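The values are calculated or read from the model by the stated rules, or taken from the named source; none is laboratory data. Note that the structure is predicted; figures quoted are calculated from it, not measured. Note that we place each Cβ from the backbone using ideal geometry, even for glycine, and neighbour counts take in every protein chain shown.
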Amino acid sequence: MNNPLVLTLLHLWTGPLPKEELFPDRKIDPLLHWVIHPIKRWLAKIYLWILQRFFGLKVVAVTGSVGKTTTKDMLASILSLEGPTVVTRDNITSTYNIPDTILRCTPATRVLVLEMGVEYPGDMDFYTWLARPDIGIITSVNRTHTHFLGTVENVSAEKCKLLTALSPAGFAVVNADDPNILINTQASILKFGVNPDSEIRIITSQLTPDFKTRLVLSINGQQITVNLPIAGRHFALNAAAAAAAAFRLTARPQSISAGLERFAPPPHRMTPVTLKNGVVLLDDSYNANPLAVSASLETLAELAQITHRQPVFIFGQMNELGQYEQSAHEEIGMKIAKLKIGKLFCTGPAAKHTVTAAGFGDYFETVEDLTSAVSQQLTATDLLLFKASRSYHFESIVSALKDTP
């Protein structure tokens, strides 16, 4: 459907959905798609306006190529210590998740935290039509969903619409270490990262043998020490982003520290699992993109050194990369070689480029064949990292290995 007049009329009812969402290439329930969901969106939009206008509700929106869910959960953990907080649930498409989350608020809710995942051109226009945030967080911009968005520049332009939507009274919380973030906003800007110009600065971060991350943050000049219950220096950026938004919402320093330490990591994000035979797994199987895979590999190599184990990478193809598919998989292969990963098991056609670039590794046509090979080649001193796009369901490999006698 490319008729502009028809699309405009439909958008008056459905909200400004991207045409890929308006006319999806999957089977839909017409009653839900054309009646129930549009009604729910309008109810949510009007209800949110009432809550913001008359009850002082603050809305925080989180987007980025990596770390959205982790940042959202860290921030919710902090804010829940300060007052009633409502947050989007995991593993639900933002198009449906945001209206449902808004409608879970009550007049007593102090802060609403919304994750806004971008996949198609126009996604952010729809989200900010539905919910105009007071604070917008961009964790990072990189090669994700470029099958639909084309280039990293387009990914940046779509995600950074969040900042444009902020009012002059709002706050843009952005990663000072990411040159791909284009800042164009009327709002005040609050930067986080390692960069010395960051208002929320990561002073130090280090991994610990018990698969946690210890970091020191400087928040407007005041330093706090945090023991994150998740392994990976890259999670320090998520913690800094959450701390920045919480700081702007006047959260106390002790709440920021305690909230970060008590946050529950989302499933399949660097989750350590010890098998009966002594092998340790890092279940990071939720999803994969070039930036996330690179960060997880660095964590694998460092943890292997700390725990005196052999690093092993179980890798599945990264989807939806478009023109970057081959080069991104080759970069991962070169990273594997540079970090001296001990063993490599891959699946997914594009992962063949990874094996070639690494100069070693085994490729398997199916997840089942890969699972069998991995289970037969494990040794008690191995440290395994699992990372793949969600469609490869690598969590099934982790489950199979956990059930192995």
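Assorted remarks:
- Only a single criterion out of (1) part of a helix (DSSP H, G or I); (2) out of contact with any Leu (no Cβ under 8 Å at 6 or more places or on another chain) is not satisfied by L297, namely (2).
- Lone unmet requirement of (1) assigned to a helix (DSSP H, G or I); (2) at pLDDT below 95 for I28: (1)
- Residue within the stretch 97-111 that is buried (at least 17 other Cβ atoms within 10 Å of the Cβ), within 16 Å of A131 (Cα to Cα), among the aliphatic types (A, V, I, L, M) and touching a residue at least 60 places away in the same chain (Cβ under 8 Å) present: yes
- Matching entry among T139, T164 (being under 19 Å from the mean Cα position of the chain (by Cα) and in the same structural domain as T93 (by TED's automatic domain parsing)): T139
- Scope the stretch 66-95; condition out of contact with any Gly (no Cβ under 8 Å at 6 or more places or on another chain), at pLDDT 95 or above and in a loop (DSSP other than H, G, I, E, B); matching residues: E82, G83, P84, T88
- Verdict on V62 being in contact with a Leu (Cβ under 6 Å, 6 or more places away or on another chain) and either assigned by TED's automatic domain parsing to the domain that holds E21 or in a helix (DSSP H, G or I) (or both): no
- Inter-residue pairs, beta-carbon under 7 Å, first touching a residue at least 40 places away in the same chain (Cβ under 8 Å) and in the stretch 24-42, second assigned to a loop (DSSP other than H, G, I, E, B), 6+ apart: R41/G15
- Among the residues listed as D125, D100, the single one being touching a Lys or Arg at 6+ places or on another chain (Cβ under 7 Å) and of a type in the set (D, E, K, R): D125
- Summed over the stretch 323-382, residues that are in contact (Cβ under 8 Å) with a residue 60 or more places away in the chain and outside any helix (DSSP H, G or I) total 5.
- One residue stands out in the stretch 140-164 among those that are among the small types (G, A, S) and in contact (Cβ under 8 Å) with a residue 40 or more places away in the chain: the one that is farthest from T128 (Cα to Cα), namely G150.
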